[in-house]
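Here's the structure, in structure tokens; my notes come after.
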């Protein structure tokens, strides 16, 4: 294994910070969901209450539109940080794969990649199904309430 240059160490640090920040912002979104969509009152940061009132008075938003408008910036930040972390991770994966000796035959490598895709696709599919179910429940609730 080769020695890491200072720029690679800095890039690695940025990748770790982006990953942790993305997870933190996503957890903050999960913390906001009951307050925004179900109007459950609990201790909320002041800027969320301020922005909620601002959207109500200046943009005339209410209900689910208000909740989405408050949640969307955090979701975009979380996704953007996740994409940056993923790109940095791919850079390091490619540099490591270049350093490895080419002992694997193309068939074994293809089989290994398929196995990895199968292992990673299940959690992603499960997360998408949960998100779809939550969205569906909110949509049904919206249809019933109007």
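The values are calculated or read from the model by the stated rules, or taken from the named source; none is laboratory data. In this text the structure is predicted, and so the values were computed from the model without any measurement. Note that we place each Cβ from the backbone using ideal geometry, even for glycine, and neighbour counts take in every protein chain shown.
As for the stretch 76-86, it holds at least one residue that is outside the structural domain of residue 145 (by TED's automatic domain parsing), within 30 Å of residue 144 (Cα to Cα) and modelled with pLDDT of 85 or more. No other residue among 76, 61 is touching a helix residue (DSSP H, G or I) at 6+ places or on another chain (Cβ under 9 Å) and farther than 30 Å from residue 110 by Cβ apart from 61. Considering only the stretch 44-95, state which residues are assigned to a loop (DSSP other than H, G, I, E, B) and closer than 18 Å to residue 24 by Cα. Within the stretch 44-95, 44, 45 qualify. Applying the set (1) touching a helix residue (DSSP H, G or I) at 6+ places or on another chain (Cβ under 6 Å); (2) at pLDDT 90 or above to residue 53 leaves exactly one unmet item: (1). Of all residues in the stretch 1-15, those being under 24 Å from residue 80 (Cβ atoms) and surrounded by 12 or more Cβ atoms within 10 Å (Cβ to Cβ) number 5. Taken over the stretch 33-43, the criterion of being in contact (Cβ under 8 Å) with a residue 12 or more places away in the chain and surrounded by fewer than 17 Cβ atoms within 10 Å (Cβ to Cβ) is satisfied by 33 alone. Evaluate the following for residue 47: is it surrounded by 13 or more Cβ atoms within 10 Å (Cβ to Cβ) and either over 22 Å from residue 145 (Cβ atoms) or in contact (Cβ under 8 Å) with a residue 12 or more places away in the chain (or both)? No.
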